[in-house]
Amino acid sequence: MDLTIGPIPFFWPAEQVRAFYRMIATTPARRVVIGEAVCSKRLPFWQHEIPGAIDCLLAAGKDVALSTLILITLKRERRQTADLFAAGLPVEIADMGALRHLPEGAPFHVGPTVNVYNEGTLQWLAKKGATRICLPPELPLASVAVLARAGREAGVAVEVWGHGRAPLAISGRCYHARLHDRAKDSCQFVCGEDPDGRDVETLDGKSFLTVNGVQTLGHAHTTAAGRITDLSDAGVNALRLSPQVGDFASVVALYDQIAQGATTRAEGLARLQELMPRATFADGFLAGEPGLRRAG
Amino acid sequence: MMELVCPAGTPAALRAAVDAGAHAVYCGFADETNARNFPGLNFSRPEMAEGVAYARAHGAKVLVAINTFPRAGDQAIWHRAVADAHAAGAHAVILADIGLIAHAAETHPGLRLHLSVQAAAANPDAINLYAGAFGIRRVVLPRVLTVEEITAINREIDIETEVFVFGGLCVMAEGRCSLSSWATGLSPNMNGVCSPASHVAYAEVAGNNEARLGGYLIHRTPKGAPVPYPTLCKGCFTAPATHTSPAQTGHIFEDPVSLDATELIPKLQKAGVTALKIEGRQRSRAYVAQVVRAFRAAVEAADMGAPMPAGLLAKLTEGQSATTGAYAKTWR
């Protein structure tokens, strides 16, 4: 199993993005997905960093793919999606509509927000040219195993959500703006004030969700660290790590060891907790339980 | 006249909807193949065939929703549902999963296919992709679009559009939401349920009424005040203070409201919308009859260019606030 770094889900300043990808270039990650997946309003603030980041990552021997938006509605967003396919790198579709712009016969990747729940869907996407699919985080291990087998037969590499705040929902409405009594159009980019998202607790003070603009994430970090043997036995090809603030280089290094089987399950989870002392970890989805639960 | 598509969770509700003037009724089989997989709801195979016959005899159509995402390794259950809907004489099936749509298009070439709202096709590219690849004839639009955006979409597509006008309101893009499974392990996509009643608990604590979902407290109202059903995205939460923002407690995603786009019916007609959909397969036949009758009057008025009858559904929304949702841009 190798490692894929997903797109940065949060709204980070351009210099933070630059530093992040320079750091990623030095990690053992095999590939990196770059692009604004959450909100097209953010893109003008950091898109000038993308070419440099790509060069830096390619020079370090990483594979690079470009992500589309998760929810494409505006004309401008559709044009931007079409432009991605002309950039000469594989595109990871995060919304089915993106496929309409796929040049005939071009290979593409499929992100975790596209609904691939079964073999039929995987096979249809493979026929269209999909070569890599990151499965939706809510899938239980039994489904992952069936899909990994179907992927092997169809020549599609299958990825599983390995680490990070899982994408749970996308909306037309911006919840960050709503928290500031603003509408999406007049958001004043308040999501940029929370580089790791804004926490949302239940009324009895339990950590629950994280608001990230139009996107809602889980608050606990969904991790596959406790399930590596199962995933490996199932034939899963890669783990997806989702960027966050903090010592992400060490997180990547740790998952590399975990993926190589160089640490035991208990050791891996313990070291993860050491690296992120304030974080809570969850893996209920893989166990077929509530996603925020820690099962493994 | 715009087509009125009405919910039926039971054969009795189907007959009530047809009798009240529904042009079409949508319903599902009593299993995990449909997105209202609630106990005591939905149709057996013989009930479906009888429902189709009743609707046909009264000039109405039956649309069968098979709109969850088939479980890996168990696709046969969903394939059988499509075959049985076809055999029962359904006017169309409403599907969400690409694999299932591909199967239906290939195996049942004569069967009319509608794209479920659960497929979240929110732009002309996605809609044209499904239309081109599978011959989809109608798309149910996700509730993330404004009327202007719906107008623009209709200019760029050749298939019919259907939009929700009344009932429960998803505030997230439908079919792309795992909030329910995050808290309960059961999701609309996989299990056909959202914030299921099996995971809801009410209690009276220190003079307050509390509602929990999956053990998580998301509603608290003073004793005597009604406590809303704890649907996750309409729950009450706290966003703790950050270095730039004070703490806030409230309905961070959406208030416990329902959708009522009655006033927008003329605009939706002008936007080129073919069909109006009423949510509520879990509702009683009395409710269904009342709502269908009111909306039939509304689409007839719209057809004649007459104003929308006022206070149409005041009784049904009494004590509950309603919103026009994403159809108005300010909602975002």
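Taken over the stretch B:171-182, the criterion of being crowded, with 24+ Cβ neighbours inside 10 Å and at the interface with another protein chain (Cβ under 9 Å from one of its Cβ atoms) is satisfied by B:Val171, B:Met172, B:Ala173, B:Arg176, B:Cys177, B:Ser178, B:Leu179, B:Ser181, B:Trp182.
Residues that are under 19 Å from A:Met96 (Cβ atoms) and assigned to a loop (DSSP other than H, G, I, E, B) within the stretch B:73-105 comprise B:Ala96, B:Asp97, listed in sequence order.
With the structure loaded, tell me whether A:Ser250 is among the hydroxyl-bearing types (Ser, Thr, Tyr) and crowded, with 16+ Cβ neighbours inside 10 Å or whether it fails that test. Give the derivation first.
Working: among the hydroxyl-bearing types (Ser, Thr, Tyr): yes; crowded, with 16+ Cβ neighbours inside 10 Å: no.
Criteria not met by A:Ser250.
Selection within the stretch B:110-128: residues that are in contact with a Pro (Cβ under 8 Å, 6 or more places away or on another chain) and within 11 Å of chain A (Cβ to nearest Cβ). The member of this set that is nearest to A:Lys75 (Cα to Cα) is B:Ala122. For the stretch B:89-97, indicate whether the set of residues that are touching a residue at least 24 places away in the same chain (Cβ under 8 Å), under 23 Å from the mean Cα position of the chain (by Cα) and within 9 Å of another protein chain (Cβ to nearest Cβ) is non-empty. The answer is yes, given that some residue of the stretch B:89-97 is touching a residue at least 24 places away in the same chain (Cβ under 8 Å), under 23 Å from the mean Cα position of the chain (by Cα) and within 9 Å of another protein chain (Cβ to nearest Cβ). Taken as a whole, the stretch B:19-35 holds at least one residue that is at pLDDT below 95, closer than 19 Å to B:Glu162 by Cβ and part of a loop (DSSP other than H, G, I, E, B).
Taken over the stretch A:150-176, the criterion of being surrounded by 22 or more Cβ atoms within 10 Å (Cβ to Cβ) and not in a strand (DSSP E or B) is satisfied by A:Ala150, A:Gly151, A:Val156, A:Arg165, A:Ala166, A:Gly172, A:Cys174, A:Tyr175, A:His176. Considering only residues in the stretch B:37-50 that are assigned to a loop (DSSP other than H, G, I, E, B) and in contact with a strand residue (DSSP E or B) (Cβ under 8 Å, 6 or more places away or on another chain), the one that is surrounded by the fewest Cβ atoms within 10 Å (Cβ to Cβ) turns out to be B:Ser44. Considering the stretch A:190-204, the residues that are in contact with a Leu (Cβ under 9 Å, 6 or more places away or on another chain) and more than 7 Å from chain B (Cβ to nearest Cβ) include one that is modelled with the lowest pLDDT, namely A:Val190.
Only one of the listed residues (B:Asn154, B:Asn123, B:Asn128) is surrounded by 24 or more Cβ atoms within 10 Å (Cβ to Cβ), polar (S, T, N, Q) and more than 20 Å from B:Thr33 (Cα to Cα). That residue is B:Asn123.
The condition (being surrounded by fewer than 19 Cβ atoms within 10 Å (Cβ to Cβ), away from chain A (no Cβ under 12 Å) and at positive phi) is satisfied by just one residue among B:Gly215, B:Gly224: B:Gly224. For A:Gly268, the test of being over 26 Å from A:Thr131 (Cβ atoms) and crowded, with 19+ Cβ neighbours inside 10 Å is passed.
Looking only at residues in the stretch A:86-103 that are assigned to a loop (DSSP other than H, G, I, E, B) and touching a residue at least 24 places away in the same chain (Cβ under 8 Å), which one is farthest from A:Met23 (Cα to Cα)? Before the answer, list the steps.
We begin by selecting, within the stretch A:86-103, every residue assigned to a loop (DSSP other than H, G, I, E, B); these are A:86-90, A:94-95, A:102-103.
So of that shortlist, the ones also touching a residue at least 24 places away in the same chain (Cβ under 8 Å) come out as A:89-90, A:94-95, A:102.
On the way: A:Leu89: 21, A:Pro90: 22, A:Ala94: 25, A:Asp95: 29, A:Leu102: 31 Å.
The qualifying residue farthest from A:Met23 (Cα to Cα) is A:Leu102.
How many residues does the stretch B:63-88 hold that are within 10 Å of chain A (Cβ to nearest Cβ) and either surrounded by fewer than 24 Cβ atoms within 10 Å (Cβ to Cβ) or charged (D, E, K, R) (or both)? Total satisfying the criteria: 5.
For first residues located in the stretch A:118-135 and free of Cβ contacts under 8 Å to residues at least 24 places away in the same chain and within 7 Å of chain B (Cβ to nearest Cβ), partners that are assigned to a strand (DSSP E or B) and surrounded by 21 or more Cβ atoms within 10 Å (Cβ to Cβ) and lie 6+ apart or on another chain with Cβ distances below 9 Å form the pairs A:Trp124/A:Ala130. Of all residues in the stretch A:191-208, those that are part of a loop (DSSP other than H, G, I, E, B), out of contact with any helix residue (DSSP H, G or I) (no Cβ under 8 Å at 6 or more places or on another chain) and at negative phi total 5. Just one of (1) surrounded by fewer than 24 Cβ atoms within 10 Å (Cβ to Cβ); (2) in contact with a strand residue (DSSP E or B) (Cβ under 7 Å, 6 or more places away or on another chain); (3) of a type outside the set (S, T, N, Q) fails for A:Glu92. It is (1).
Out of A:Val211, A:Val236, I need the residue that is farther than 17 Å from A:Arg294 by Cβ, under 20 Å from the mean Cα position of the chain (by Cα) and part of a loop (DSSP other than H, G, I, E, B). Which one? So the residue among A:Val211, A:Val236 that is farther than 17 Å from A:Arg294 by Cβ, under 20 Å from the mean Cα position of the chain (by Cα) and part of a loop (DSSP other than H, G, I, E, B) is A:Val236. Only a single item in (1) modelled with pLDDT of 95 or more; (2) within 11 Å of chain B (Cβ to nearest Cβ); (3) surrounded by 20 or more Cβ atoms within 10 Å (Cβ to Cβ) is not met by A:Cys187, and it is number (1). Filter the stretch A:103-113 down to residues that are touching a strand residue (DSSP E or B) at 6+ places or on another chain (Cβ under 6 Å) and either more than 7 Å from chain B (Cβ to nearest Cβ) or basic (Lys, Arg) (or both) and give me whichever is farthest from B:Ala121 (Cα to Cα). Per the stated criteria, the residue is A:Pro107.
Taking the conditions exactly as written (assigned to a helix (DSSP H, G or I), surrounded by fewer than 19 Cβ atoms within 10 Å (Cβ to Cβ) and without any contact (Cβ under 8 Å) to a residue 40 or more places away in the chain), does B:Ala53 satisfy them or not? Yes, satisfied.
The values are calculated or read from the model by the stated rules, or taken from the named source; none is laboratory data. Because the structure is predicted, anything quoted here is derived from the model rather than measured. In this analysis, Cβ positions are derived from the backbone assuming ideal geometry, glycine residues included, and neighbour counts consider all displayed protein chains.
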